[in-house]
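Undergrad: My questions all concern the structure below.
The values are calculated or read from the model by the stated rules, or taken from the named source; none is laboratory data. Since this is a predicted model, take the numbers as computed values, not measurements. Cβ coordinates were reconstructed from backbone atoms using ideal geometry, including for glycine residues, and neighbour counts include every protein chain displayed. Side chains included, ligands, DNA and RNA excluded: accessible areas come from the protein's heavy atoms. Shrake-Rupley method; radii C 1.70, N 1.55, O 1.52, S 1.80 Å.
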Amino acid sequence: RRPRHQLKGRQPTDDARAEVRALIGAPPADGHRRDLLIEHLHRLQDALETGLRALEDLGEPIASDPGKPRMAIALAQMKLAMRRWTTDRLLALPDCQDRRVIEIQRILDELRSLSYIVRLNILPLVVRKQLDLTLAHGHTPSSPLVLVSYGLLLVVTGDSGGAQRFGEVEENVLDVGC
């Protein structure tokens, strides 16, 4: 039986510890050690904040810390909007020609990934903004991931049928080269 003071699972070797220490460097003089994970999370949070500011500057703001009601409203609005869009109608959307919208979608792509890691509560708002832009301006290179992300949100809300539909739409969008 393992003594309580021993950690569970595989333990790093002395070589691995030495390699990490070499990467981190010596501990600061005040005795506090730097934590790489915390440092990287701060960098990700900074990137998220920068993206949110960029969207605001481009006239497409997203709340930086929405509560559950705002998240629920975003989900409900997406569901209501998507009821009017058949698969054929979604596939018939033209390719977006507006460079500004394409760049906004690119920023939103990064924010979608960052929000999943750093601030999950903005994910529904990011996906909603991407869906709205896609429906208004047409497909961009990020359209398949927008549809998959919407499907993911449907899974989370218990709508597996809707999620299946948007997974299939995403595959069709990829097939037609949008």
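Undergrad: At 7 Å along Cα-to-Cβ for each site, give me the label-to-label distance between Gln77 and Ala136 in nm.
TA: Placing both labels 7 Å beyond Cα along the Cβ direction yields 1.0 nm.
Undergrad: For Cα pairs less than 8 Å apart in space and 6+ apart in sequence, what is the mean separation divided by the residue count of segment 11-154, i.e. the relative contact order in percent?
TA: In percent, rounded to a whole number, it is 27.
Undergrad: Oh, and also: Pull out a ≥ b ≥ c, the square roots of the eigenvalues of the alpha-carbon gyration tensor of segment 60-121, then state rounded if a/c is under 1.5, prolate if not and a/b is larger than b/c, and oblate in the remaining case.
TA: oblate
Undergrad: A further question follows. Quote the Stokes-Einstein diffusion coefficient, in whole µm² s⁻¹, for segment 46-178, based on the Kirkwood radius over alpha carbon pairs, a temperature of 25 °C and a viscosity of 0.890 mPa s.
TA: 166
Undergrad: Ignoring ligands, DNA and RNA, how do Ile107, Ile117 rank by accessible area with a 1.4 Å probe, largest first?
TA: Highest to lowest solvent-accessible surface, that is Ile117, Ile107.
Undergrad: Accessible area of Glu103, 1.4 Å probe, to the nearest 10 Å²?
TA: 60
Undergrad: With just the Cα atoms defining each centre, how far is segment 130-165 from segment 39-108? Give it in Å.
TA: Cα centroid to Cα centroid, the span is 11 Å.
Undergrad: Using amide H atoms built in the peptide plane, which far-off residues or other-chain residues are under 5 Å from Asp95 H to H?
TA: Residues meeting the criterion, in which the H sits 1.01 Å from N, are His139.
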